[in-house]
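The values are calculated or read from the model by the stated rules, or taken from the named source; none is laboratory data. These numbers come from a predicted model, not from an experiment. Every residue, glycine as well, gets a Cβ built from its backbone with ideal geometry; the counts of neighbours run over all protein chains shown. These accessible areas exclude ligands, DNA and RNA; they are computed on the full protein's heavy atoms, side chains included. Shrake-Rupley method; radii C 1.70, N 1.55, O 1.52, S 1.80 Å.
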Amino acid sequence: MADRVDVSIEQKDAAPQTNGKRHPNTCPKCDSHYRDDELEEALFVCGHCGHHFPVPARKRIAQLTDAETFVEEAAELRSEDPLSFFDLRPYAERLAEAELKTGLGDAMVIGQGAIDGHPCELAVMDFAFMGGSMGSVVGEKFSRACDSAIARGIPLVSVAASGGARMQEGILALMQVPKTVAAVEDLHDSRTAFISVLAHPTTGGLLASFASLGDVLLAEPGALMSFAGPRVVQQTTREKLPDDFGLAESNYRFGHLDAVVPRAELRPTLAKLLRLFANAG
């Protein structure tokens, strides 16, 4: 009887291409390729090298919450174009394209749900929506999530994945930094717990605002969490940077994080923290 051969993963010699670009299901580290169902079943983690692929916001919520417990809030909010911004294309056109691509109204989904039976408010970002950039709608949604958590007396769990403030909204986007920081202060004043999870990447205005202000800070392996990327920092300082500059592991080593948690362990870790906060209350 012939040996059984696992053909579910294509190796790097046959990494598929789409219009000359790497297929989104091809691991950027080891070039292993996965079918959509395989990648989703593995929580979007490469089974060969452990690389953590980006996770769409709704799938992230499904990974974390108990079945049929999540109720979305503020789904109707949409960004406007107050500056009539135009770079290579109109901002309004980019927004419409991002909504069609992701099925989301903006780069953050908020709502209430439960993790292992423990109720919580969630604020989950989607990097696929314009690089997870924070505009006025993201800031407003996060602020509403904080208000909802305070009103219900339940912890807030956020998952950040963003390139920073949304340049197309100019100063209005930058003002979301103090707005979200003030919302977190309201959480702290009300003694409402805030657990912040940093996924790849969490940079710029997100790292400088609510993402780094949790009572507990967790990050996924290999997540870039730096105000500016390594290339920009290296060009500015003209110094060679460590290979792990800005990564979760480096930040953990320097005490900027409480833990680096692989995706498969994230749900049980959050459940344990929610249980601890509930007992403490």
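The listed residues are Ala98, Ala92, Ala128, and the only one of them that is in contact with a helix residue (DSSP H, G or I) (Cβ under 6 Å, 6 or more places away or on another chain), more than 17 Å from Ser196 (Cα to Cα) and part of a helix (DSSP H, G or I) turns out to be Ala98. Only a single criterion out of (1) of a type in the set (Phe, Trp, Tyr); (2) in contact (Cβ under 8 Å) with a residue 24 or more places away in the chain; (3) farther than 22 Å from Gln63 by Cβ is not satisfied by Phe210, namely (3).
Name every residue in the stretch 196-212 that is among the aliphatic types (A, V, I, L, M) and at pLDDT below 95, in order of residue number. Don't jump to the end; show me each part of the working.
Filtering the stretch 196-212 down to residues among the aliphatic types (A, V, I, L, M) leaves 197-199, 206-208, 211.
Listed by number, the residues that qualify are Leu206, Leu207, Ala208.
Tally time: how many residues in the stretch 230-266 are assigned to a helix (DSSP H, G or I) and at pLDDT 85 or above?
Of all residues in the stretch 230-266, those assigned to a helix (DSSP H, G or I) come to 230-237, 248-253, 263-266.
Next, from what is left, pick out any that are at pLDDT 85 or above: 248-253, 263-266.
Residues flagged as assigned to a helix (DSSP H, G or I) and at pLDDT 85 or above within the stretch 230-266 amount to 10.
Every test in (1) modelled with pLDDT of 95 or more; (2) open to solvent by 20 Å² or more (accessible area, probe 1.4 Å) is passed by Phe227 save one, and that test is (1).
A Cβ distance below 6 Å, combined with a sequence gap of six or more or placement on separate chains, defines the contacts here; from the stretch 156-180, residues that are over 20 Å from Val216 (Cα atoms) and at pLDDT below 95 reach residues that are part of a strand (DSSP E or B) and among the polar types (S, T, N, Q) in the pairs Gly163/Thr203; Gly164/Thr203. Residues that are part of a strand (DSSP E or B) and of a type in the set (Gly, Ala, Ser) within the stretch 179-229 comprise Ser196, Ala199, Ala219, Ser226, listed in sequence order.
In this structure, does Gly170 turn out to be open to solvent by less than 50 Å² (accessible area, probe 1.4 Å), touching a strand residue (DSSP E or B) at 6+ places or on another chain (Cβ under 6 Å) and under 26 Å from Asp81 (Cα atoms)?
Numbers: open to solvent by less than 50 Å² (accessible area, probe 1.4 Å): yes; touching a strand residue (DSSP E or B) at 6+ places or on another chain (Cβ under 6 Å): no; under 26 Å from Asp81 (Cα atoms): yes.
In short, no.
The set of residues in the stretch 184-225 that are touching a helix residue (DSSP H, G or I) at 6+ places or on another chain (Cβ under 9 Å) and of a type in the set (S, T, N, Q) comprises Ser190, Thr192, Ser196, Thr202, Ser209, Ser212.
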